[in-house]
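Before any comments, here is the structure.
The values are calculated or read from the model by the stated rules, or taken from the named source; none is laboratory data. In this text the structure is predicted, and so the values were computed from the model without any measurement. Cβ placement follows ideal geometry from the backbone for every residue including glycine, while neighbour counts extend to all protein chains displayed.
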Amino acid sequence: MTTPRILPAAAWADTVAADLAERLRANPALRVCLPTGATPVPVYEALVGLARRDEVSFARATVVLLDEWLGLPPGDPARCDTRLRAQLLDRLPVPPAAVHLIDVDAADLDVAVARHAAVAADLDLVVLGLGMNGHVGFNEPGSFADSPTRIIRLAASSREAAMARYGAASVPTGGITLGMDRILAAREVWLLVTGARKAAILRRALRDPEGPDCPASYLRRHPNLGVIVDLEAAALLS
Ligand code: GLP
């Protein structure tokens, strides 16, 4: 049974950031895949603080983006690359060549997908949020443990959650996501979950039989999975 690390909300982000700093100290050339969404925002804020105090460095790391919307123009504030840059990358000394975003502006999206699958073939760590419908990245319900990096049509529930998150009247219907195969092939995976609204889906992901209705449930197959949650998200785990 997967045993989550349960932390008080006030300590959660600093703890996750300190753990990531520790991984970077142990392996300065860490190849890490990072998510966007609301969950990691305080972690990124804490990381920027650590970097300003020279307690963490991304100078030799490689950063790979987890997923991206299709159909938003470059620089759109809802784009995952815009958000990861604003919240973390532009606030740290990270060599641009070591940042691998998803080229959703490419003329040939199949090439963009293949490139992203290639850069993500050798990841030390994948950090994930948890969707309200059990998705990880944009691996929506219906995804399997071997689902590849691909273009995906987004679930209505994911689009509604994103509209609420961004206060937007509409969000795209498609995206590109790192595949479940690449996530499960990484040397380490962290699932980050906070807040009472995620308690039921976290319980589903960790305690009920694994299955494609909740792609996050496949993470339990990973031999080196860390589930780092706050007390509110853990409320239904026993
Ligand atoms: C989004 C993203 C995921 C993110 C998840 C959870 O739709 N595609 O990468 O991890 O949903 O988002 P949040 O942290 O805002 O709940």
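Looking across T39, T15, one residue alone is more than 16 Å from the ligand (Cβ to nearest atom), among the β-branched types (V, I, T) and in contact (Cβ under 8 Å) with a residue 60 or more places away in the chain. It is T15. Under the condition of being closer than 26 Å to G167 by Cα and either polar (S, T, N, Q) or within 16 Å of the ligand (Cβ to nearest atom) (or both), the residues counted in region 42-83 number 21.
Residues checked against (1) more than 26 Å from P73 (Cα to Cα); (2) over 16 Å from the mean Cα position of the chain (by Cα); (3) surrounded by fewer than 23 Cβ atoms within 10 Å (Cβ to Cβ):
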{"site": "V113", "(1), (2), (3)": "no, yes, yes"}
{"site": "L128", "(1), (2), (3)": "no, no, no"}
{"site": "H135", "(1), (2), (3)": "no, no, no"}
{"site": "S158", "(1), (2), (3)": "no, no, yes"}
{"site": "A164", "(1), (2), (3)": "no, yes, yes"}
{"site": "V171", "(1), (2), (3)": "no, yes, yes"}
{"site": "G179", "(1), (2), (3)": "no, no, no"}
{"site": "K198", "(1), (2), (3)": "yes, no, no"}
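Of the residues making up region 132-190, those that are part of a loop (DSSP other than H, G, I, E, B) and aromatic (F, W, Y) are F138, F144. The listed residues are D81, D90, and the only one of them that is surrounded by fewer than 17 Cβ atoms within 10 Å (Cβ to Cβ), at pLDDT 95 or above and part of a helix (DSSP H, G or I) turns out to be D90.
Here is a yes/no grid of residues against (1) over 18 Å from E68 (Cα atoms); (2) in contact with a Gly (Cβ under 9 Å, 6 or more places away or on another chain); (3) more than 11 Å from the ligand (Cβ to nearest atom); (4) touching a residue at least 24 places away in the same chain (Cβ under 8 Å):
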{"position": "R159", "(1), (2), (3), (4)": "no, no, no, no"}
{"position": "Y166", "(1), (2), (3), (4)": "no, no, no, yes"}
{"position": "G175", "(1), (2), (3), (4)": "no, yes, no, yes"}
{"position": "L192", "(1), (2), (3), (4)": "yes, yes, no, yes"}
{"position": "R197", "(1), (2), (3), (4)": "yes, no, no, yes"}
{"position": "A200", "(1), (2), (3), (4)": "yes, no, yes, yes"}
{"position": "A205", "(1), (2), (3), (4)": "yes, yes, yes, yes"}
{"position": "P223", "(1), (2), (3), (4)": "yes, no, yes, no"}
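Looking at the structure I just gave you, is G49 more than 17 Å from the chain's Cα centre (by Cα), in a loop (DSSP other than H, G, I, E, B) and small (G, A, S)? Against the criterion (more than 17 Å from the chain's Cα centre (by Cα), in a loop (DSSP other than H, G, I, E, B) and small (G, A, S)), G49 does not qualify.
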